[in-house]
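A.B. asks: Questions regarding the structure given below will be posed in turn.
Just so you know, all these numbers are worked out from the coordinates, no wet-lab data involved. Just so it is clear, the model here is predicted, and its values are computed rather than measured. Here the Cβ positions follow ideal geometry from the backbone for every residue, glycine too, while neighbour counts run over all protein chains shown.
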Amino acid sequence: MQVVAFALVSIIVFKPKPASVLVTAIVIMPLSIWLGWRAVMHLGKQWRIQAGLYSDHELVRTGPYRVVRHPIYVALLGMLIGTGLVVSWWPLVVLASALFIAGMEIRIHAEDALLTDRFGDAFEKYQATVAAYIPFLH
């Protein structure tokens with residue numbers, strides 16, 4: 001679903017963009033890249049493409065993980081929106097964002113289930129106090 005969402009916002013629409021839209025993208029993109037980079041750095045060797053845990057996996061609650069449980073997905077969503085604002089048409093950005101969030105929800109539920117199985121009460125406490133991807137909303 002996320003790949004389809006990125007494909008949608010990659011449909012280039014040659015229309016002038018208001019300066020406010022471009023400035024918004026200029027703010028969102030570097031922040032998203034920074035967030036994704038920091039999240040990967042805090043995961044360290046535990047980072048992987050597919051949802052899964054290593055035998056020595058630890059529950060990371062530092063850096064961006066203090067604010068949201070899935071900061072890499074937040075970063076990817078920001079990059080999707082930023083890209084769409086620059087090169088695409090706003091209805092495609094809205095559709096792609098909705099599709100991306102739907103796919104993200106599926107992945108978050110799968111990952112949270114893995115973490116609950118491994119870390120039990122420690123993850124459930126973390127889950128109760130730190131939002132999945134919208135800071136301060138649990």
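A.B. asks: Based on alpha-carbon centroids, what's the gap between the stretch 79-138 and the stretch 54-73 in Å, whole number please?
C.D. replies: Here the answer is 13 Å between Cα centres.
A.B. asks: Additional query: Going by how many other Cβ atoms sit within 10 Å of their own, how do 86, 13 line up, fewest first? Could you put the intermediate results ahead of the total?
C.D. replies: Values: 86 18, 13 12.
Exposure proxy ranking, most exposed first: 13, 86.
A.B. asks: Next question, about the same structure. Mind grabbing the base-10 log of I(q)/I(0) for the stretch 22-138 at q = 0.09, 0.11, 0.20 Å⁻¹? Debye formula, identical points on the C-alpha positions, no solvent, two decimal places.
C.D. replies: -0.26, -0.39, -1.14
A.B. asks: Given springs between every Cα pair under 10 Å in a Gaussian network model of the chain, which of 63, 82, 36 has the largest fluctuation?
C.D. replies: For the chain, modelled as a Gaussian network with Cα springs under 10 Å, the answer is 63.
A.B. asks: Could you derive backbone 3J(HN,Hα) for the stretch 62-77 from the dihedral phi with the Karplus parameters 6.51, -1.76 and 1.60 (θ = phi - 60°), listing whole Hz in sequence and x where the residue is Gly or Pro?
C.D. replies: 10, x, x, 6, 6, 9, 9, 6, 10, x, 5, 5, 4, 4, 5, 5
A.B. asks: Would you mind ranking 79, 1 so that the residue whose beta carbon has the fewest other beta carbons within 10 Å leads the list?
C.D. replies: Working: 79 19, 1 15.
Lowest to highest Cβ neighbour count: 1, 79.
A.B. asks: Can you give the local net charge around residue 89? Use residues other than it whose beta-carbon is closer than 14 angstrom to its beta-carbon, Lys and Arg +1, Asp and Glu -1.
C.D. replies: Details: positive: 15, 17; negative: none.
Residues close to residue 89 contribute a combined charge of +2.
A.B. asks: Given H placed on each backbone N at 1.01 Å, which residues far from residue 131 in sequence or on other chains put an amide H within less than 5 Å of it?
C.D. replies: Under 5 Å from the amide H of residue 131 lie the amide H atoms of 69, 136, 137, each far enough along the sequence or on another chain.
A.B. asks: Going by how many other Cβ atoms sit within 10 Å of their own, how do 112, 117, 56 line up, fewest first? Please list the in-between numbers first.
C.D. replies: Values: 112 18, 117 10, 56 7.
With the sparsest Cβ surroundings first, the list reads 56, 117, 112.
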